[in-house]
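These notes are about the structure you will find just below.
The values are calculated or read from the model by the stated rules, or taken from the named source; none is laboratory data. Fair warning: this is a prediction, and the values are worked out from it, not measured in the lab. Don't worry about glycine lacking a Cβ; one is built from the backbone with ideal geometry, like all the others, and counts go over all protein chains shown. Only protein heavy atoms, including side chains, enter the accessible area calculation; ligands, DNA and RNA are left aside. Shrake-Rupley method; radii C 1.70, N 1.55, O 1.52, S 1.80 Å.
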Amino acid sequence: MNVVLRVTAGPHAGMEYTFDRHETFVVGRSSQVQFPVPEDGFLSRNHFLIEFNPPVCFLRDLGSTNGTKVNGHRVDAVRLRDGDTITAGESSFVVRVEETSWDGRPKIHCLGCGKNAPHDMAVNARPDEDAISWLCDECIAHRRNYPTTDSEYLIEKRIGGGGMGEVFLARHLPTNQPVAIKMMVPSIAASDRAKLRFQRELDVLKNLRHPNIVAFHTMFEMDGQFQLVMEYVVGKDAHDWVKSLPGPLSASAASRIGVQLMMALDHAHAKGYVHRDIKPSNLLVTGPPVRPSMKLSDFGLAKSFRDNAGFAGLTHQGDIGGSGGFISPDHIRDFRDAKEPADIYSAGATLYYLLTNQFPFYNFNPNRADAYTMILEHPAVPVRAHRPDLPEGLDKVLRKALEKQPKDRWKSAAAMAAALKPFLDAI
């Protein structure tokens, strides 16, 4: 299926944009958005964003001054449907969902209960592919509560979960070694080809071996679930680890975590991998408060699973509240094309949060309508405004990581690691 966005009024009336895959589209006066209208004084610099995952489209107003209207009603966030009209400033748009060549495809049924899939559900498949896998919400919930896995593994307990799946401690019976199994269910229907592509993309992660990266062992599919077998790390995620400390995180401990994080990213970036979802919950920390050790988890999942197997991208419920405070401006403008500087930004935002328990922007709330606008436009508050005890040099390291433009950030993860090392012995 394709979604066509047709401009019906304004300076660019008559233009059309066709979307056939998962991507974002931002409208505003800024020269860096996909639909710039600098001459329209009624638009904000970053006015609204549409996430397309055909046939699903989701619009989010970016905290604009004059608002965004859908079918004449001002909205903050809304799912768009065929025939909807969007008005912002002097420009108007109409949304058209084109069926292309999908007519005649057999109905899609839930693998678990046989329930028919909704007619407007996103499908990751070509028109000539009939073997489509899909699970309804009820069956997904059941599998989360009552997981099953391969006979070589014994599930012991649930140890975590979030936007991309549930995590269980399990034992690999042939070796008696503990492992972590992440169970993930696509939120859209997917063909065997789409699932195979996801498996191939993750399979290469077996070669991504580094002391500060959680090792990926293998993956298989059972009953519509992808099950990822990974190294089990005895520790807490960085957010919970910092909360357990008797006082605020020290500059030396934060720098030690930061150096390890940046060395992990430097290793991955050199091999062509971008994490794209750096945040406190993806940093697993062990060891004493003065000399913590860190491992980075979920490498590759943000790109491979969301783009290829069906998890939501930026704007759907659950994601912005988790990763939203740590995503870079690059993510918002075009998350499919986020590169190494996006990881450097997110690492800076993560270290800032661990040191202050605050996001980098004044009065920032990741669930508020203006969250993306603040990330795109507002300057970061100096970390010493919250923690005057921290070294000024550390403040400068984080501020450089949080620059709006990728070219103004640290040139590499290794460069940021080197900038953090002088603070390893800070008081």
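Given R₀ = 56 Å, what would the calculated FRET efficiency be for Leu245 paired with Asp203, taking r from the Cβ atoms and rounding to 0.05? Before the final figure, lay out the partial values.
Numbers: r = 38 Å, r/R0 = 0.68.
Plugging the Cβ-Cβ distance into 1/(1 + (r/R0)^6) gives 0.90.
So which lysines can Lys107 reach, going by Cα to Cα under 16 Å and dropping same-chain residues fewer than 8 places off?
Within reach: Lys115.
According to a simple spin-label model (label point 7 Å from Cα along Cα-to-Cβ), what is the distance in nm between His386 and Glu39?
Spacing of the two 7 Å Cα→Cβ label points: 4.4 nm.
How charged is the neighbourhood of Ser44? Take every other residue with its Cβ under 12 Å from the Cβ of Ser44, and add Lys/Arg as +1 and Asp/Glu as -1.
Values: positive: Arg29, Arg45; negative: Asp40, Asp61, Asp370, Glu377.
Local charge sum for Ser44: -2.
Given a 10 angstrom Cα cut-off, can you work out which residue in Pro280, Pro329, Pro38 is the most mobile in a GNM of the chain?
Residue with maximal mean-square fluctuation among Pro280, Pro329, Pro38: Pro38.
Cut-off 10 angstrom, C-alpha nodes, Gaussian network model of the chain. Which of Leu284, Leu394, Leu111 fluctuates the most?
Leu111
Per DSSP H run of at least 4 residues, take -39500 (n - 2.57); add these up for the chain, divide by its residues and hand me the 222 nm value, nearest 500 deg cm²/dmol. The partial results should precede the final answer.
Values: 11 runs with 104 residues, N = 427.
Helix contribution divided over all residues of the chain: -7000 deg cm²/dmol.
Compute the length gained on full extension between Arg79 and Arg144: take 0.36 nm times their separation in residues and subtract their Cα-Cα distance, giving the result in nm to one decimal.
Details: separation 65, 0.36 × 65 = 23.40 nm, distance 2.65 nm.
Residue separation times 0.36 nm, minus the Cα-Cα distance, leaves 20.7 nm.
Given springs between every Cα pair under 10 Å in a Gaussian network model of the chain, which of Asp298, Asp343, Asp203 has the largest fluctuation?
Between Asp298, Asp343, Asp203, it is Asp203 that shows the largest mean-square fluctuation.
Sorted by accessible area with a 1.4 angstrom probe, largest first, how do Ile132, Ile155 fall? Don't skip to the end; give the middle numbers.
Details: Ile132 25, Ile155 50 Å².
Order by accessible area, largest first: Ile155, Ile132.
Which far-off residues, 5 or more places away or on another chain, put their amide H under 5 Å from the one on Ser293, with H placed in the peptide plane?
Thr286, Gly287
In terms of the Cα gyration tensor, with a ≥ b ≥ c the square roots of its eigenvalues, is the chain rounded because a/c is under 1.5, prolate because a/b exceeds b/c, or oblate?
Values: a/c = 2.15, a/b = 1.13, b/c = 1.91.
Because a/c hits 1.5 or more and a/b fails to exceed b/c, the chain counts as oblate.
Quick one: which of Lys236/Lys396; Lys271/Lys396; Lys69/Lys411; Lys295/Lys407; Lys236/Lys339 span more than 30 angstrom between C-alpha atoms? Walk me through the intermediate numbers first.
Values: Lys236/Lys396 28 Å; Lys271/Lys396 28 Å; Lys69/Lys411 41 Å; Lys295/Lys407 27 Å; Lys236/Lys339 28 Å.
Over 30 Å apart, Cα to Cα: Lys69/Lys411.
What stretch of the chain, leaving out the sites themselves, is the longest with no trypsin sites (Lys or Arg not before Pro) in a DSSP loop having at most 16 other Cβ atoms within 10 Å?
So the longest stretch without any such site is 116-208.
Compute the signed sum of charges (Lys and Arg +1, Asp and Glu -1) over the other residues within less than 13 Å, Cβ to Cβ, of Ala9. If you can, show how the numbers build up before the last one.
Working: positive: Arg6, Lys69; negative: Asp40, Glu90.
Spelling it out: positives minus negatives among the neighbours equals 0.
When the accessible area of the chain is split by element with a 1.4 Å probe, what percent falls to carbon and sulfur? Please report the intermediate quantities before stating the final value.
Numbers: 9150 of 18430 Å².
Whole-percent figure for carbon plus sulfur exposure: 50.
What shape does segment 318-422 take by its C-alpha gyration tensor, where a ≥ b ≥ c are the square roots of the eigenvalues and a/c under 1.5 counts as rounded, a/b above b/c as prolate, and the rest as oblate?
Values: a/c = 1.96, a/b = 1.18, b/c = 1.66.
Here segment 318-422 falls in the oblate category.
Can you figure out the FRET efficiency of Phe220 with Ala414, using R₀ = 45 Å and their beta-carbon distance, to the nearest 0.05?
On the way: r = 35 Å, r/R0 = 0.78.
Efficiency, from the Cβ-Cβ distance: 0.80.
By the scheme Lys and Arg +1, Asp and Glu -1, what is the net charge of all other residues having a beta-carbon under 10 Å from that of Arg29? Before the final figure, lay out the partial values.
On the way: positive: Arg45; negative: Glu39, Asp40.
Charge balance near Arg29 sits at -1.
Using the heavy atoms of the protein chains and a 1.4 angstrom probe, tell me the accessible area per residue for the chain in square angstrom. All intermediate terms of the calculation are to be shown ahead of the outcome.
Working: 18430 Å² over 427 residues.
Per residue, the chain has 43 Å² of solvent-accessible surface.
Might you list the cysteines of the chain that have no disulfide-compatible partner by the rule of another cysteine's Cβ under 4.7 Å?
Taking the Cβ cut-off of 4.7 Å, the unpaired cysteines of the chain are Cys57, Cys113, Cys139.
Roughly how many nanometres apart are two label points built 7 Å out from the Cα toward the Cβ at Thr65 and Ala426?
That separation, rounded to one decimal, is 3.8 nm.
Given 0.36 nm per residue, what is the gain on full extension from Thr175 to Ser151 after removing their alpha carbon distance, in nm? All intermediate terms of the calculation are to be shown ahead of the outcome.
On the way: separation 24, 0.36 × 24 = 8.64 nm, distance 1.32 nm.
Extra length from Thr175 to Ser151 when fully extended: 7.3 nm.
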